[in-house]
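Scroll down for the structure; my scribbles are underneath it.
The values are calculated or read from the model by the stated rules, or taken from the named source; none is laboratory data. Remember, predicted model here, so these are calculated numbers, not experimental data. Cβ placement follows ideal geometry from the backbone for every residue including glycine, while neighbour counts extend to all protein chains displayed. Ligands, DNA and RNA are excluded from the accessible area calculation, which covers all protein heavy atoms including side chains. Shrake-Rupley method; radii C 1.70, N 1.55, O 1.52, S 1.80 Å.
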Amino acid sequence: MKTTKSEKLFIEAQKYIPGGVNSPVRAFKSVGGNPLFITSGNGSKLIDADGNEYIDYIGSWGPHLFGHNPQFIKEALLEQIENGVSFGAPTELEIKMAELIVELVPSVELVRMVNSGTEATMSAIRAARGYTGKEKFIKFEGCYHGHADYFLIKAGSGALTLGVPTSPGVTKGNARDTLTADYNDITSVKKLIAANRNEIAAIIIEPIAGNMGVIPSDKEFLIELREICTREYIVLIFDEVMTGFRVAKGGAQEVLGITPDLSTFGKIIGGGLPVGAFGGKKEIMEKIAPSGPVYQAGTLSGNPLAMSAGYAALKYIKDNPGIYNTLEEKSKYLEEGFKNNLKSLKKNYFMTRAGSMSCMFFTEDNVNDFNSAVKSDTTKYGKYFHEMLRRGIYLAPAQFEAVFVSSAHTKEDLDKTITAHYEALKEVE
Ligand SMILES: *Cc1c(COP(=O)(O)O)cnc(C)c1O
């Protein structure tokens with residue numbers, strides 16, 4: 001077989017970049033094969049270095065709610081470029097951006113801009129620690145909060161044993177302060193709190209999990225979590241880096257009707273540029289420097305170029321609230337198509353969806369936490385992935401990721417995807 005341009009580029013990339021990529025999931029390791037090198041994106045489509053066109057369901061891993069390179073974001077960027085891309089001094093645009101976030105997400109009273117989702121979650125944990133004067137925090141197995149040391153910890157073998165680092169380079173010291181509970185299991189949270197009384201500064205959770213496949217949380221579970229945090233003087237942090245501005249203009253907290261103390265954002269908030277944000281209750285956020293003693297800073301934070309793209313994205317959402325109905329209709333159409341296919345093929349794979357985020361798990365059992373998610377047959381997913389790719393459908397190269405529908409996906413795209421899904425599944429086993 002002839003070597004493709006993408007294959008040649010991947011060989012070249014590996015000479016200069018670890019593993020040839022700047023973020024590991026891009027390398028196709030969990031599905032096998034070589035990553036595609038992309039040359040352009042427009043609407044629902046991506047074009048690779050060999051000129052192949054794909055209908056894209058990754059959307060740059062979440063940011064592209066409106067599809068690739070929408071005109072209104074491009075125009076905002078070009079306009080800002082004329083005026084300069086970075087000043088390291090305050091701009092009026094930052095006020096407009098913050099004001100809009102506060103308006104769209106009512107639990108946010110003050111907000112600080114950063115440059116990625118990881119920075120947002122790191123900073124939110126520090127704010128919670130600084131505010132409460134406590135050091136430990138609870139996260140949930142299977143939730144992802146970026147790559148800061150103290151998030152790369154998984155539960156030890158027993159429920160109350162110390163956590164263990166999931167990556168070399170993360171210290172045991174970090175593992176001591178990170179406690180891990182089970183998603184949708186309030187008892188596991190209560191046990192950790194009982195064993196660490198007055199030591200827990202924060203509980204951080206993806207209110208709709210999107211990094212172990214898509215797993216919506218039980219509302220009852222979240223209500224109890226909220227009550228426990230209030231009672232125990234624990235800061236409840238909703239990590240809405242993926243769900244923020246995706247499942248609703250006010251994120252998962254709007255859909256679920258639960259108010260966190262702090263929220264973190266990323267992805268859509270940058271309109272495709274590297275942006276993150278954390279914000280919430282005034283009395284906590286006021287602890288952040290320079291209004292308070294908790295240090296947090298960034299040379300390019302609130303960068304005008306990034307803000308122009310992010311502001312354009314959020315302004316579009318504010319002015320076009322109907323976009324969430326459109327996304328819901330399109331996503332439901334795709335879901336129903338997939339479900340009909342499964343029915344005709346007599347397969348019963350478990351499907352989940354929260355608005356325009358969805359996942360088909362290669363298991364027939366119910367999935368509601370990490371342990372049930374990992375029962376999925378990832379070898380089958382890998383096969384399915386490549387069968388879809390051959391048919392021009394670009395899905396995430398890993399089972400435990402979301403399928404993102406954008407407002408740019410057309411009925412024709414969705415129909416083509418549903419047909420490909422049927423044919424691909426026929427090839428799997
Ligand atoms: C993507 C993601 C992050 C990390 O954001 P980066 O911009 O990749 O650092 C954190 N939390 C959640 C829920 C995410 O989906």
*Output the relative contact order of the stretch 71-319, whole-number percent, from Cα pairs under 8 angstrom with separation of 6+ residues.*
30 percent
*If we count every other residue with Cβ under 14 angstrom of residue 14's Cβ, Lys/Arg +1 and Asp/Glu -1, where does the sum land?*
+2
*asked:* For a protection proxy built on the mean count of beta-carbon atoms within 10 angstrom, sort 205-215, 38-48, 112-122 highest first, please.
replied: 205-215, 112-122, 38-48
*Using θ = phi - 60° and the Karplus curve 6.51 cos²θ - 1.76 cosθ + 1.60, what whole-Hz ³J(HN,Hα) does each residue of the stretch 176-181 get, with Gly and Pro shown as x?*
5, 9, 10, 9, 10, 10
*Identify the trypsin sites (Lys or Arg not before Pro) of the stretch 286-374 meeting these criteria: DSSP loop state and at most 12 other C-beta atoms within 10 Å of the C-beta.*
346
*Provide the net charge surrounding residue 212, with neighbours chosen by a C-beta distance below 11 Å and charges set as Lys +1, Arg +1, Asp -1, Glu -1.*
-4
*Residue-span extension gain [residue 319 to residue 47] - 0.36 nm each, minus C-alpha spacing*: 94.9 nm
*Accessible area expressed per residue, the chain, with surrounding protein chains retained (probe 1.4 Å, Å²)*: 45 Å²
*Rounded to a whole number of µm²/s, how large is the Stokes-Einstein D of the stretch 152-197 at 10 °C and 1.306 mPa s, given Rh as the Kirkwood radius over C-alpha pairs?*
145 µm²/s
*Expressed as a rounded percentage, what relative contact order does the chain have, with Cα pairs under 8 Å and six or more residues apart?*
22 percent
_Probe radius 1.4 Å, ligands and nucleic acids ignored: give me the carbon and sulfur share of the accessible area of the chain as a rounded percent._
52 percent
*Can you work out ³J(HN,Hα) from phi for every residue in the stretch 354-370, in order, using Karplus 6.51 cos²θ - 1.76 cosθ + 1.60 and θ = phi - 60°, giving whole Hz and x for Gly and Pro?*
10, x, 8, 10, 8, 7, 10, 8, 7, 8, 8, 7, 4, 10, 9, 7, 4
*Given the pairs 346/383; 139/343; 45/383; 330/375; 139/282; 154/281, which are separated by over 25 angstrom at their Cα positions?*
139/343; 330/375; 154/281
*Taking +1 at the Cβ of each Lys and Arg and -1 at the Cβ of each Asp and Glu, which of 73, 165, 186 sits farthest along the dipole of the stretch 71-319 towards its positive end, judged by Cα position relative to the Cα centre?*
165
*Treating only the Cβ atoms of Lys and Arg (+1) and Asp and Glu (-1) as charged, compute the dipole magnitude of the chain about its Cα centre; round to the nearest 20 debye.*
760 debye
*asked:* Counting other C-beta atoms within 10 Å, and keeping those with at most 15, which DSSP coil GluC sites (Glu not before Pro) do you find in the stretch 304-405?
replied: 364
_Over the Cα atoms of the chain, each weighted equally, I'd like the Debye log10 I(q)/I(0) at q = 0.11, 0.12, 0.14 Å⁻¹, rounded to two decimals._
-0.86, -1.04, -1.40
*asked:* Considering the Cα positions of the stretch 71-319, please state its Rg to one decimal place and its Dmax as a whole number of Å.
replied: 17.9, 58
*For the stretch 287-429, state the semi-axes of the equivalent ellipsoid (square roots of 5 times the eigenvalues of the alpha-carbon gyration tensor), sorted largest first and rounded to whole angstrom.*
36, 21, 14
*asked:* Need the C-alpha centroid separation for the stretch 164-217 versus the stretch 366-425, integer Å.
replied: 28 Å
*Work out from phi, with θ = phi - 60° and the Karplus expression 6.51 cos²θ - 1.76 cosθ + 1.60, the ³J(HN,Hα) of each residue of the stretch 231-247, listed in order in whole Hz, and give x for Gly and Pro.*
5, 9, 6, 10, 7, 8, 10, 8, 7, 10, 4, 8, 7, x, 6, 9, 7
*Order by protection proxy (mean Cβ within 10 Å, highest first), peptides 187-200, 98-111, 289-302*: 98-111, 187-200, 289-302
*asked:* Quick check: net charge around residue 255, other residues with Cβ under 14 Å of its Cβ, Lys/Arg +1 and Asp/Glu -1?
replied: -1
_Qualifying chymotrypsin sites (Phe, Trp or Tyr not before Pro) for the stretch 1-100 [loop in DSSP, other Cβ within 10 Å: at most 11]_ = 87
*Hey, in the GNM for the chain with a 10 angstrom Cα cutoff, which one of 174, 22, 368 fluctuates hardest?*
22
